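> Structure in structure tokens, see below.
The values are calculated or read from the model by the stated rules, or taken from the named source; none is laboratory data. The structure presented is a predicted model; accordingly, all values stated were derived computationally and were not measured. Note that each Cβ is placed from the backbone with ideal geometry, even for glycine, and that neighbours are counted across all protein chains shown. Just the protein is used for accessible areas: all its heavy atoms, side chains included, with ligands, DNA and RNA removed. Shrake-Rupley method; radii C 1.70, N 1.55, O 1.52, S 1.80 Å.
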Amino acid sequence: MSPQELLPLLPKKLEFEERIKRLCESASAACGDWDAVFIVDKLNQYYLTGTIQDGLFVLLPDGSHAYFVRRSIERARLECQVSDVYPMTSYREVKEHLAGRGSRPVQKVLLETEVVTYAMLERLKRHFALVEVLPVDRIMAKLRSQKSPYELAWIEESGRQHAYLLETIVPEVLFEGQNEADFVAELYARMVKLGYHGVSRFGMFQTTLVVGQVGFGENSIYPTCFDGPGGMKGLCPAVPIVGDRQRRLQKGDLVFVDIGYGVNGYHSDRTQVYMFGAQPAPELVAAHRRCRDVQSLVAGLLRPGNIPSEVYKTAMDSLEPSFLENFMGFGTRTVSFLGHGVGLQIDEYPVISKGFDEPFEEGMVMAVEPKKGLPGIGMVGVEDTYVVTPTGGRCITGGEKEIIVI
């Protein structure tokens, strides 16, 4: 069944009402008495209302809520799944609206402290006598980690298309002499035609990627600011993404393709490694298969009740000291996680790493990505997206693959 056929069968308005109810309950459980939750992040607004606008979503302790929109109020009213939608040019109008409905003054507020700028906070203080500001970021992250059947349907459709892209389309578009940038451009066009929603969203601060991380040969271990194991040289220092116009594909090159995919707002994440025009050397195959072993171990532990930090320790303790060199990166540029949540953004809560001590829950969606850098060759390894189930992670991206020889 296609996503278009699925959509009418899945809940809409009730889905959003339940999300807002859970946010209200979670805020009270975490913070006790509070006056309002202000949501300014556009993806969190989408999660709670069904539309992405320049606005402010306001939730009160009694569960009542309203969405104030600067632009576009017309589109908000067409798409929004909450009833109370109002135009806004200033936060003054929000204050007046709340006062008019008899709400108590907003003094203790929950805000997305990872998103709200200092200037925005000052504007809020100009109109509200804020005494205490508490973070709502972790609360929202935990709510979004619990995927509904509606969300899972779209993520699984993304995973299905993602698998077809990497297993069928990528081998068709790679050719000798092609540069990385041209490959990424062709890949993006094919992704959109396949059903991709056009953008891969990340929550990391000031993170921009187009398609994902793609590298021919040693470019896949090139230094990058992106917080992931792979590397990328990119177009230039000002735009260190997309692909290197000077690096052309040659026989014997390893091709590293680590891309997010998404349908109707919801993502999957997968990495596939290819060998172009030659058979991979035995040591390369061995390193890749060892990464697959780690992936299988972690995937089997994606069960409700298991603790992400403990899963991370179990997996890391299973590795030989010699293998840990250049594992999850290259040189000093390694990362301290093995996977992460996936949803409206590619990098969501929770993370399979130290410090994440709250248990997995059934229906969470996790990407697992053990990888290893090889000097002079590039990055090998795997990444797939899984749904947490009582029997372990259920792969939805068709992966856990060997190196694909082209």
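> Tell me, what HN-Hα J-couplings in whole Hz come from the Karplus equation 6.51 cos²θ - 1.76 cosθ + 1.60 at θ = phi - 60° for each residue of the stretch 326-342, using x for Gly and Pro?
After applying 6.51 cos²θ - 1.76 cosθ + 1.60, I find 6, 7, 6, x, 8, x, 7, 9, 10, 10, 10, 8, 10, x, 7, x, 9 Hz.
> No solvent, one uniform scatterer per C-alpha: report log10 I(q)/I(0) for the stretch 264-335 via the Debye equation at q = 0.13, 0.14 1/Å, two decimals.
-0.53, -0.61
> Please compute, for the alpha-carbon atoms of the stretch 157-285, the extent along each of the three principal axes and give them in descending order in Å.
Between the extreme Cα coordinates on each principal axis of the stretch 157-285 lie 39, 32, 26 Å.
> Scan the stretch 281-378 for GluC sites (Glu not before Pro) in coil per DSSP, keeping those whose Cβ has at most 15 other Cβ atoms within 10 Å, and list them by number. The partial results should precede the final answer.
Working: sites: E283, E310, E325, E348, E361, E362; in loops: E325, E361, E362.
In loop regions of the stretch 281-378 (DSSP not H, G, I, E or B), the sparsely surrounded GluC sites (Glu not before Pro) are E325, E361, E362.
> Along the charge dipole of the chain, which of I39, T332, T89 sits closest to the positive end, that is, farthest toward it, with unit charges on the beta carbon of Lys, Arg, Asp and Glu (+1, +1, -1, -1)?
In the chain, that residue is T89.
> For G32, what is the net charge nearby, where nearby means another residue's Cβ is under 14 Å from its Cβ and Lys, Arg count +1, Asp, Glu -1?
Details: positive: K108; negative: E25, D33, D35, E132.
Residues near G32 contribute -3 overall.
> In addition: Under a cut-off of 17 Å between alpha-carbon atoms, report the aspartates and glutamates in cross-link reach of K125, not counting same-chain residues fewer than 8 places apart.
D35, E93, E96, E112
> Further question on the same structure: On a 0 to 90 degree scale, rounded to 10, what angle separates helix 282-300 from the longest Cα axis of the chain?
30 degrees
> Listed here are the pairs K21/K42; K313/K401; K233/K354; K21/K147; which of them are more than 21 Å apart at the Cα?
Numbers: K21/K42 19 Å; K313/K401 24 Å; K233/K354 29 Å; K21/K147 15 Å.
Correct reply: K313/K401; K233/K354.
> Could you give each residue of the stretch 244-259 its phi-based ³J(HN,Hα) in whole Hz, using Karplus coefficients 6.51, -1.76, 1.60 with θ = phi - 60°, and x for Gly or Pro?
7, 5, 8, 8, 9, 6, 10, 4, x, 7, 7, 10, 9, 10, 10, 10
> Calculated FRET efficiency, V199 and E325, Cβ-Cβ r, R0 35 Å, to nearest 0.05? The partial results should precede the final answer.
Working: r = 36 Å, r/R0 = 1.02.
Rounded to the nearest 0.05, the efficiency is 0.50.
> Can you tell me how the chain classifies by the Cα gyration tensor, rounded, prolate or oblate, using a/c under 1.5 as the rounded cut?
Details: a/c = 2.03, a/b = 1.82, b/c = 1.12.
Since a/c reaches 1.5 and a/b is larger than b/c, the shape of the chain is classed as prolate.
> Positive end of the dipole of the stretch 348-401, charges at C-beta (+1 Lys, Arg; -1 Asp, Glu), about the Cα centre: which of T385, P375, S353 has its Cα farthest in that direction?
Of the listed residues, the answer is P375.
> On to the next question. Given the C-alpha centroids of the stretch 280-329 and the stretch 175-244, what is the distance between them in whole angstrom?
If we compute the Cα centre of each part, the gap is 25 Å.
> Exactly which GluC sites (Glu not before Pro) in the stretch 142-204 are in a DSSP loop and have at most 15 other Cβ atoms within 10 Å? Intermediate results must be reported in sequence, preceding the final value.
Working: sites: E151, E156, E157, E167, E172, E176, E180, E186; in loops: E176.
Passing both the DSSP loop test and the Cβ count: E176.
> Continuing with the same structure: Please work out the FRET efficiency for the pair K42 and L78, using the Cβ-Cβ distance as r and a Förster radius of 22 Å; give the result to the nearest 0.05. Kindly include the intermediate steps, with their values, before the conclusion.
Details: r = 17 Å, r/R0 = 0.76.
Approximately 0.85, to the nearest 0.05.
> In the full protein assembly as shown, how much of I307 is accessible to a 1.4 Å probe, in Å² to the nearest 10?
Answer for I307: close to 30 Å² accessible.
> On a 0 to 90° scale, report how tilted helix 91-100 is relative to the longest principal axis of the chain, with both axes built from alpha carbons and the result rounded to the nearest 10.
With both axes taken from Cα atoms, the answer is about 50 degrees.
> Using Cα pairs closer than 8 Å and at least 6 residues apart in sequence, work out the relative contact order for the stretch 1-154, in percent.
Details: 213 pairs, mean separation 37.2, N = 154.
Answer for the stretch 1-154 is 24 percent.
> A further question follows. Using label points projected 7 Å from each Cα along Cα→Cβ, tell me how many nm separate T113 and T389, to one decimal.
3.9 nm
> Going 7 Å from the Cα of V192 toward and past its Cβ, which residues in the stretch 214-258 have a backbone nitrogen under 13 Å from where you end up?
none
> Please find, in a Gaussian network model of the chain (springs between Cα atoms separated by less than 10 Å), the residue of S353, S318, S145 whose mean-square fluctuation is greatest.
Answer for the Gaussian network model of the chain: S318.
> Additional query: Using the basic label-point model (7 angstrom from Cα toward the beta carbon), what is the D182 to A29 distance in nanometres?
Rounded to a tenth, the inter-label distance reads 5.5 nm.
> A further question on this structure: Per DSSP H run of at least 4 residues, take -39500 (n - 2.57); add these up for the chain, divide by its residues and hand me the 222 nm value, nearest 500 deg cm²/dmol.
Rounded to the nearest 500, it is -10000 deg cm²/dmol.
> Under the Karplus relation 6.51 cos²θ - 1.76 cosθ + 1.60, θ = phi - 60°, what is the ordered set of whole-Hz ³J(HN,Hα) values for the stretch 79-88, x standing for Gly and Pro?
9, 5, 9, 10, 7, 8, 10, 10, x, 8
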